[in-house]
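**Student:** Dropping a structure here in structure tokens format, bear with me for questions.
The values are calculated or read from the model by the stated rules, or taken from the named source; none is laboratory data. Just so it is clear, the structure is predicted and the values come from calculations on it, not from any experiment. As a convention, Cβ positions derive from the backbone with ideal geometry for all residues, glycine included, and neighbour counts pool all protein chains shown. Surface accessibility is based on the protein's heavy atoms, side chains included, excluding ligands, DNA and RNA. Shrake-Rupley method; radii C 1.70, N 1.55, O 1.52, S 1.80 Å.
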Amino acid sequence: MKTRDELIEDLLNLAFAEDIGDGDHTTLSTIPADAMGRSRLIIKEDGILAGVGIAEKVLHKVDPSIKINVFIKDGAEVKKGDIAFTAEGPVRALLIAERTMLNIMQRMSGVATMTRRYQNELKGLHTRVLDTRKTTPGMRMLEKEAVKIGGGTNHRIGLFDMILIKDNHIDFAGGIEKAIQRADDYCKANNKNLKVEVEVRSLDDIRRVLDHGGVDRIMFDNFTPELTKEAVKLVDGRIETESSGGITIENLRAYGEAGVDFISVGALTHSVKGLDMSFKAY
């Protein structure tokens, strides 16, 4: 299994391959090879900054000699007109790196900004906002990193680091109890120490899960806030609880006030507008 850094390296290789091809012919034809210059990252919209560390990786991948001076770090609130960092080095390298760097930073900052907005709605409550697997293919590690930068909490990274038994698994397995037992048997047989979460669709499902045991978290799928409150009371703190499905910024607090530990929100990554910024010579 690849590490975070290896996955990011793969992403950058693909990003440059699809953008540069056999060369940035505009830059190569208009800018002398020995030309040196400076550019600065200008914030054009209020939000939460994310991706500064990745921006450094992008710039240095094009040319390790580029000097970067960071003024604003990841997780900071930024305003229109702020300068996040400056970069100085070969002009060709600055121009070649510009779009890939901005694409990543805008996306990550958009995710961080959205996450901060959702988590702020839960101020004063113990409930935490979770991301999901509804991410941009190839950018999952960076988008989930942006969720953390924005103040949210990561759910499982992929299919490999947690067992999440959903409705289709339950139906194909022949019932909740069978699905949970098979997951337990699988972990023992394969020496896997994985947390197990199960999705439920009714209060009766919750009772069956509690009676069977072997689960670390219950996910209430498409429950109303009122039903969620009943569900939380039924679980009574015995295991972690999570709400999922139909969650919006408008009803988020109602679910938090119902007492769940976590609320998973696909919109943190699948419905995000990138934060506007530019990389300009000065």
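Let's see how each residue does on (1) open to solvent by less than 70 Å² (accessible area, probe 1.4 Å); (2) modelled with pLDDT of 95 or more; (3) touching a strand residue (DSSP E or B) at 6+ places or on another chain (Cβ under 8 Å); (4) under 17 Å from residue 102 (Cα atoms):
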{"residue": "4", "(1), (2), (3), (4)": "no, no, no, no"}
{"residue": "19", "(1), (2), (3), (4)": "no, yes, no, yes"}
{"residue": "23", "(1), (2), (3), (4)": "yes, yes, no, no"}
{"residue": "51", "(1), (2), (3), (4)": "yes, yes, no, yes"}
{"residue": "72", "(1), (2), (3), (4)": "yes, yes, yes, yes"}
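**Student:** Restricting to region 141-156, name every residue that is under 14 Å from residue 110 (Cα atoms), touching a residue at least 40 places away in the same chain (Cβ under 8 Å) and open to solvent by 30 Å² or more (accessible area, probe 1.4 Å).
**Tutor:** 145, 149
**Student:** A further question follows. Does residue 76 satisfy the condition of being buried (at least 22 other Cβ atoms within 10 Å of the Cβ) and either on the phi < 0 side of the Ramachandran plot or modelled with pLDDT under 95 (or both)?
**Tutor:** So residue 76 fails the test.
**Student:** Restricting to region 248-272, what's the tally of residues that are more than 12 Å from residue 131 (Cα to Cα), aliphatic (A, V, I, L, M) and buried (at least 21 other Cβ atoms within 10 Å of the Cβ)?
**Tutor:** Qualifying residue count, region 248-272: 4.
**Student:** Select, from 125, 95, 102, the only residue that is open to solvent by 10 Å² or more (accessible area, probe 1.4 Å), within 22 Å of the chain's Cα centre (by Cα) and of a type in the set (A, V, I, L, M, F, W, C).
**Tutor:** The match here is 125.
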